[in-house]
Amino acid sequence: MEKLVFATNNKHKTQEVLALLNNKFKICTLEEIGFREEIPEEAATLEENARQKAYFIYKKYGLNCFADDTGLEIEALGGAPGVYSARYAGEEKDSNANIEKVLSQLNGEKNRKAAFRTFIILILDGKEYVFEGKVTGTILQETKGVSGFGYDPVFVPDGYNETFAEMPLDLKNKISHRGLAIKKLVTFLNKKYNE
Ligand code: IMP
């Protein structure tokens, strides 16, 4: 079984990834390798942030690993909150406050179009691979649903009538930005290890 570190401390994300990986790989969390700090995330783009996190762990531990970075891009806000999605309303990274800020900025705005984008950078035996997932949708006027995390209660993906926070997790995983990026990563790994 191939061992890979998923460079995140987010339990929701780890669960999402594990649900998609079909036990084919042994995924180690940062906690499992004894890393309990925050990885620096200072880049100006999602892709660069994911790269910074993956190389940070790769250089420190010499382990194959992947890291992701996600942002919500709202068209009427010029792509914000984007790379600042987690701390949009402040360093406390409070999801409710972030949602409130977005909703107040969109108050009276007719264009509610938005997209979640995820970049995954995989460092495998010193080589770098990039995977991207994107899901487009709409920002509601108010929150709906209680599952998921982050901006889930205000985001309705195109083609659906419910928010990510109203959907069962397996449906969200199937269609989400991160789900799509993870699927690309898994397809790549399966192909690579079946060669
Ligand atoms: P991260 O890079 O995956 O940690 O994501 C940064 C921020 O984007 C999170 O703190 C959330 O606010 C938001 N976010 C990421 N993924 C999701 C998701 O699947 N649903 C809702 N919000 C998300």
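List the residues, sorted by chain then number, that are 5 or more residues from Glu73 or on another chain and whose placed amide H is less than 5 Å from its amide H.
Amide H to amide H, under 5 Å and 5 or more residues apart or across chains, Glu73 pairs with Gly82, Ala115, Phe116, Arg117.
Under a 5 Å amide H to amide H cut-off, with H placed in plane at 1.01 Å, what residues pair with Leu124 once short-range neighbours are removed?
Tyr129
Any of Lys59/Lys172; Lys101/Lys184; Lys53/Lys110; Lys101/Lys134 with alpha carbons more than 30 Å apart? Name them for me. Could you put the intermediate results ahead of the total?
Details: Lys59/Lys172 33 Å; Lys101/Lys184 33 Å; Lys53/Lys110 36 Å; Lys101/Lys134 23 Å.
With Cα atoms farther than 30 Å apart: Lys59/Lys172; Lys101/Lys184; Lys53/Lys110.
Straight distance only, please: which aspartates and glutamates reach the Cα of Lys192 with their own Cα at less than 13 Å, same-chain residues fewer than 8 apart left out?
Glu2, Asp125
What is the fewest-to-most order of Glu31, Glu142 by other Cβ atoms lying within 10 Å of their Cβ?
Glu142, Glu31
Net charge around Gly133, counting only other residues with Cβ within less than 11 Å of its Cβ (Lys, Arg = +1; Asp, Glu = -1)?
+3
As a footprinting exposure proxy, order Asp158, Asp69, Asp125 by other Cβ within 10 Å, with the fewest listed first.
Listing Asp158, Asp69, Asp125 from fewest to most nearby Cβ atoms yields Asp125, Asp158, Asp69.
May I ask you to evaluate 6.51 cos²θ - 1.76 cosθ + 1.60, the Karplus curve with θ = phi - 60°, for each residue of region 116-121 and list the ³J(HN,Hα) values in order in whole Hz, giving x for glycine and proline?
Once θ is set to phi - 60°, the couplings for region 116-121 become 8, 10, 10, 10, 10, 10 Hz.
Glu91 to Phe188: FRET efficiency via 1/(1 + (r/R0)^6), r the Cβ-Cβ distance, R0 35 Å, to the nearest 0.05? Present the calculation step by step, with values, prior to reporting the outcome.
Numbers: r = 35 Å, r/R0 = 1.00.
Between Glu91 and Phe188 the formula returns 0.50.
May I ask you to evaluate 6.51 cos²θ - 1.76 cosθ + 1.60, the Karplus curve with θ = phi - 60°, for each residue of region 146-162 and list the ³J(HN,Hα) values in order in whole Hz, giving x for glycine and proline?
Along region 146-162, the couplings run 10, 8, x, 7, x, 8, 3, x, 10, 10, 9, x, 4, x, 10, 10, 10 Hz.
Taking amide H positions as placed 1.01 Å from N in the peptide plane, with prolines and chain starts having none, which residues 5 or more places from Thr136, or on another chain, fall under 5 Å of its amide H?
Asp158
Once the Cβ-Cβ distance between Glu37 and Glu132 is put in as r, and R0 is 35 Å, what FRET efficiency do you end up with, to the nearest 0.05?
0.80
Among Gly126, Gly71, Gly150, which one shows the biggest mean-square fluctuation in a GNM of the chain, springs joining Cα atoms closer than 10 Å?
Of Gly126, Gly71, Gly150, the Gaussian network model singles out Gly126 as fluctuating most.
Every number here is computed from the coordinates shown, using simple stated rules; none is lab data. What you see is a predicted model; the values in this text were computed from it and never measured. Note that we place each Cβ from the backbone using ideal geometry, even for glycine, and neighbour counts take in every protein chain shown.
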